[in-house]
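Remarks on the structure that follows.
Just so it is clear, none of the values below were taken in a lab; they were calculated from the coordinates. Here the structure is a predicted model, which means the values were calculated and not measured. Every residue, glycine as well, gets a Cβ built from its backbone with ideal geometry; the counts of neighbours run over all protein chains shown.
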C-alpha cells in the first residue's frame, strides 16, 4: 500500500509510528530543505517517533518546502500578522481535503446535515488562506443556500442562523475571535449553534486568554458549545477542542512537547513546553514541524498555553492562556 493510502488506514499507535518513520525516509529523499536540515543535525536514522528531527516552522517563511519532483496544486499563505507571511506549497489537494473532512465529520458532524456560517473577514481579504479553502469546501458540502461567508454583515449572519434553525439544521459558525466579539454587540441568541473560534485578534482588539474569550462568547452569544480549531497554514491536519479546552488531534496528527531550552528533548505529560506536530497529511512537504506554540499533553489530548516570546503573532488560536 502506498503512503497516501496508508496515512488514512492507521488503526493504532504502532501503525502511526511506522508510517511516520516511512514518511521521514521519503521526505529526506525528496525534500531538499528537510534533507539538508536533518544532515546538519546528523540525525538521519531515527528508530522511534521521539528521535525524528522537527523542522522549525520559520523555514516555511524562507524556503519552498515541497517534494522537488512535484508541482503544487495549492499555494497557501499565512495571515502574516507579525510580518512576513509563511508559504505552504501543497502538492495534492486531495490529501488536504481528506484530512480535514475526516476530522471534521468525526468531531463536528456531517456538513450535509448542517448550515455553516463563516465569519472570517481578514482571511477573505488577504487571500490564499488554507482556512478559507477548508471552510469553503465544507460549505459546498452542506448544499444549502443559507451557508456562506460574511465580511461585515453581521445582521445577515444572525438572520441566516435563525432561518437555518427553522429548517431544523445544525448551525456551525466559524469565526475569528475579534469578529465573534463584534457579533456580541447585536446581543443575538445563538443557543442552538456550535461556534468554532479560529483564534486571532489581528491587532483589532486586546488579546484575551482562551478562558476569557470563551467566557465572553458563551455569555454574549448565549451559546454553550464553543469549540476551538487548532490549525495553521503550515499544516494540513487540525485538532478541535472540547468545552474544557482540550484539543483532540485527528488520526493523521500527533503532538509531542519539547523542552523549551532544548529542542531535542521531550517533556513528560502535564509539563508545559514547545509543541512539535507530526502531520502525516503533510506527506509531500514536511510532516515534522517545530511550532512556536506552548502547550502540554493531557489525558485525551493537549492544551494550548500560549506562544514563545518574540515569535510572530499568528491567527490560529494562539493567545496566551
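Using a Gaussian network model on the chain with a 10 Å cutoff between Cα atoms, which of 252, 272, 84 fluctuates the most?
Its mean-square fluctuation being the largest, the pick is 84.
Expressed in nm to one decimal, what extension gain is obtained for the pair residue 222 and residue 151 from 0.36 nm per residue of sequence separation less their Cα-Cα distance? Could you put the intermediate results ahead of the total?
On the way: separation 71, 0.36 × 71 = 25.56 nm, distance 2.20 nm.
23.4 nm is the gain from fully extending residue 222 to residue 151.
What is the fewest-to-most order of 140, 32 by other Cβ atoms lying within 10 Å of their Cβ? Could you put the intermediate results ahead of the total?
Working: 140 12, 32 15.
Fewest-to-most ranking of 140, 32: 140, 32.
What is the spin-label model distance, in nm, from residue 125 to residue 25 if the labels are put 7 Å beyond Cα along the C-beta direction?
4.9
Suppose the chain between residue 32 and residue 98 were pulled fully straight at 0.36 nm per residue; how much longer would it get relative to their current alpha carbon spacing? Present the calculation step by step, with values, prior to reporting the outcome.
Details: separation 66, 0.36 × 66 = 23.76 nm, distance 2.60 nm.
Fully extending the segment from residue 32 to residue 98 adds 21.2 nm.
How tilted is helix 154-166 with respect to the longest principal axis of the chain? Cα atoms for both, answer in degrees (0 to 90, nearest 10).
80
Quick check for you: which residues of the stretch 82-112 have the amide N under 12 Å from the point 7 Å beyond the Cα of residue 73 toward its beta carbon?
Taking a point 7 Å out along Cα→Cβ of residue 73, the residues of the stretch 82-112 whose backbone N falls under 12 Å are 90-99.
Expressed as an acute angle from 0 to 90° and rounded to the nearest 10, what is the orientation of the C-alpha long axis of helix 32-41 relative to the principal long axis of the chain?
With rounding to tens, the tilt is 60 degrees.
If contacts are Cα pairs under 8 angstrom and at least 6 residues apart, what is the relative contact order of the stretch 1-129 in percent? Present the calculation step by step, with values, prior to reporting the outcome.
Numbers: 110 pairs, mean separation 23.1, N = 129.
Normalised by residue count, the contact order of the stretch 1-129 is 18 percent.
Cut-off is 10 Å between beta-carbons; in what order do 265, 287 appear when sorted fewest neighbours first?
Details: 265 11, 287 30.
Fewest-to-most ranking of 265, 287: 265, 287.
What length, rounded to one decimal in nm, is gained on full extension from residue 272 through to residue 189, with 0.36 nm per residue of separation minus their alpha-carbon distance?
Values: separation 83, 0.36 × 83 = 29.88 nm, distance 3.68 nm.
So the extension gain works out to 26.2 nm.
Once label points are set 7 Å from the Cα along Cα→Cβ at both residue 248 and residue 264, what is their separation, rounded to one decimal in nm?
Computed distance between label sites residue 248 and residue 264 equals 3.7 nm.
Using only the Cα atoms of the stretch 97-230, each taken as one equal point scatterer with no solvent, compute I(q) by the Debye sum, divide by I(0), and report log10 of the ratio at q = 0.18 Å⁻¹.
Summing over Cα pairs of the stretch 97-230 leads to -0.99.
In the chain, what percentage of the DSSP-assigned beta bridges are antiparallel, given to the nearest 5?
Numbers: 28 of 46 bridges.
Beta bridges within the chain, antiparallel portion: roughly 60 percent.
Would you order 10, 103 from fewest to most other beta-carbon atoms within 10 Å of each residue's own beta-carbon?
Details: 10 17, 103 22.
The fewest-first ordering by Cβ neighbours comes to 10, 103.
Measure off 7 Å from each Cα along the Cα-to-Cβ vector at residue 106 and residue 84, then give the distance between these two points in nanometres to one decimal.
Inter-label distance under the simple model: 3.5 nm.
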